[in-house]
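Down below is the structure, laid out as C-alpha cells.
Nothing in this text is a laboratory measurement; each read-out follows from the coordinates by a stated rule. The shown structure was predicted, so the numbers you read here are calculated from the model rather than taken from an experiment. Positions of Cβ are generated from backbone atoms using ideal geometry, with glycine treated the same way; all protein chains shown enter the neighbour counts.
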C-alpha cells in the first residue's frame, strides 16, 4: 500500500464530487479515482463542428433563488459555491403535446398560476388541484424529516405533524389522484413529468412524485450558463483547493479487503491505494459483480441487488441547426412530445422500438449565446423501458437502427408542432443505450438507476438505508442510491452519504 486515505471515492460523478467536497471540508484526507479524463460523469459536454452540446443536464430542480431557496441552493450555499456559479431561470413549466389526440397544453410555474391554467383547460379541476398541492407540501416536509432522521424516526411525531402524509405514503400516484377526485385530463396534464421517474403513475409512489412536483412548480428550474461542465469542474477545483486529490484515467479494478474488512482499492494498472472507507458512485450491480470477490459479498446483498429491476435506458439526439430560433419558429424551451398523455399507455409505447416520444429542449431559448449567432442547439431526450433496445440491436444493424429511431422522433416532433427542422441540420450526434453503457459503465445503458416501483420506491429505500449497508464502510451514492435518479437527487445523495461516512468513522473512534 503506497498511499493511505481516510476515504476513497470511486467515480467523479455529481454525487461522488459532492461527497468528496463535504468530506474534505470536514478535514478528511480524500482521494477520488475517475476512469475518464474529466470530472462529472454524464455532467459534461462535447463538441461537434462549431457546436458544443450539453450531454445530459437540461433542467436543474430544487435550486430556487435567494428569496426562495431550494435544497440544492442551500447545499451549494453551505459549500460556498453560490458566488462561483451563474444560472438562468426558465419561465414556463412545460408544454406537452399528444400525438394521438393532436392537442397540447402549456403550463406555468407558481401554484396559483398552475391551478388557474389547469381550470382553464379542465373546468372543475381547481378543488382537486388545491388538495394535491396542500398534500404535496405536507409530504415534502415529512420527507425532509425522514431524510434528516435516518434510523431515528419518531412515529408519534409523524402522526402529530404529518397525518395525511401517513395516509398516502404507501399509495401510487393514480390511486391518490383518483381519491382526490381529480378529473382524468387534469391528472394526465399534471403527470407529464412522470418520465423523469421512469415509472408509470400506476406504480410510481405518490409521495415521490408529489414532492418533486411541489418543488418544481414552486421553485422553478434553472440552468448553469456554462452547462453542467461548469459545476463539475468547480466541484473538482474546490476539492483539490481544500486538500483532496483526484486521479483521472484511473479505473478501479478491485476493492481490497484485509480480514474481511475494507482495506483499499487496486487500479487496472496495478496501483494500490489504502483506505478503510469507500464511497462508490457506481451501481451495486457493477460493484458486487465486478469489483469484489464473490465470497466476500453477503448473500443478502446479492439477493436484493439481483431482485431489483433496472430503470429506464437513455436515448438522445443532439442537433446543431444552421438557423436561428426566430427563423425556425422555436419559441419554447421545452416541448414534451408524448404519443399518449396517459402515463401507463405511454410507458407501454416506450417499451417498444416504435417509440417516437421525446422531450425536446431548445437550448438557445435559455442561453442565447450557447451556439454561434444565427444557429440553434436542439436536444431530444427519450427513454426506452426494459431491455427492448439491447435485445434487438446487433453489430450489423446498430447504426441503421439508431438512425431510423432518431428520424422517427424528429419527424414526430415536426408533425406534432408544425415546426420543420430537418433541412437545417448541420451537425447530428445520436446517443443510444449502448453509448450510455460504454461511457457511464451502467448495465444495459441505464440512466435512471433501479426502477422506482413497489419496495424500490423512495420511502422504502430511505427507511431501509442502514439495513442495506451490507459491507461495513462501503457506501453507495448517485442514481442507484436511496434518493434515486436525477441531478438534484445525485447532489443530495452525495451530501447524505458523506454524512453517513463521517458517522461510520465516528463509530470506530
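Key figures for this structure:
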{"read-out": "Global geometry of segment 312-440, whether rounded, prolate or oblate, following the gyration tensor of its Cα atoms and the 1.5 cut on a/c", "value": "prolate"}
{"read-out": "Sorted peptide list for 226-234, 426-434, criterion being average Cβ within 10 angstrom, highest first", "value": "226-234, 426-434"}
{"read-out": "Virtual spin-label span in nm between residue 395 and residue 77, 7 Å along Cα→Cβ", "value": "5.5 nm"}
{"read-out": "Percent of beta bridges antiparallel (DSSP, the chain, rounded to nearest 5)", "value": "75 percent"}
{"read-out": "Euclidean distance of C-alpha centroids, segment 38-62 and segment 182-229, integer Å", "value": "21 Å"}
{"read-out": "In nm, spacing of pseudo-spin labels at residue 435 and residue 161 (7 Å Cα→C-beta vector)", "value": "4.5 nm"}
{"read-out": "Amide N proximity, segment 292-313 versus residue 387 label position 7 Å along Cα-to-Cβ, cut-off under 19 Å", "value": "302-313"}
{"read-out": "Extension gain, residue 268 back to residue 306 (0.36 nm per residue minus Cα-Cα distance, nm)", "value": "11.1 nm"}
{"read-out": "Computed P(r) (all Cα pairs; the chain; 20 Å bins; percent)", "value": "23, 58, 20, 0"}
{"read-out": "Mean-position separation - Cα centroids, segment 417-438 and segment 120-151, in angstrom", "value": "36 Å"}
{"read-out": "Three-way shape call for segment 109-219 based on the alpha-carbon gyration tensor, with the a/c threshold at 1.5", "value": "prolate"}
{"read-out": "Extension gain (nm, one decimal) between residue 91 and residue 141, 0.36 nm per residue minus Cα-Cα", "value": "15.4 nm"}
{"read-out": "Cβ-derived FRET efficiency at R0 35 Å, residue 411 paired with residue 178, nearest 0.05", "value": "0.50"}
{"read-out": "Cα-based helix-to-principal-axis angle, 126-149 vs the chain, degrees rounded to 10", "value": "10 degrees"}
{"read-out": "Segment 449-501 versus segment 336-365: alpha-carbon centroid distance in Å", "value": "27 Å"}
{"read-out": "Mean Cβ neighbour count within 10 Å, used as a protection proxy, ranking 23-29, 248-254 highest first", "value": "23-29, 248-254"}
{"read-out": "Burial ordering of 260, 402, 373, fewest other beta-carbon atoms within 10 Å first", "value": "373, 260, 402"}
{"read-out": "Most to least packed among 78-87, 155-164, 380-389 [average Cβ atoms within 10 Å]", "value": "380-389, 78-87, 155-164"}
{"read-out": "Helix-derived mean residue ellipticity, 222 nm - over the chain, DSSP H n ≥ 4, -39500 (n - 2.57), to 500", "value": "-11500 deg cm²/dmol"}
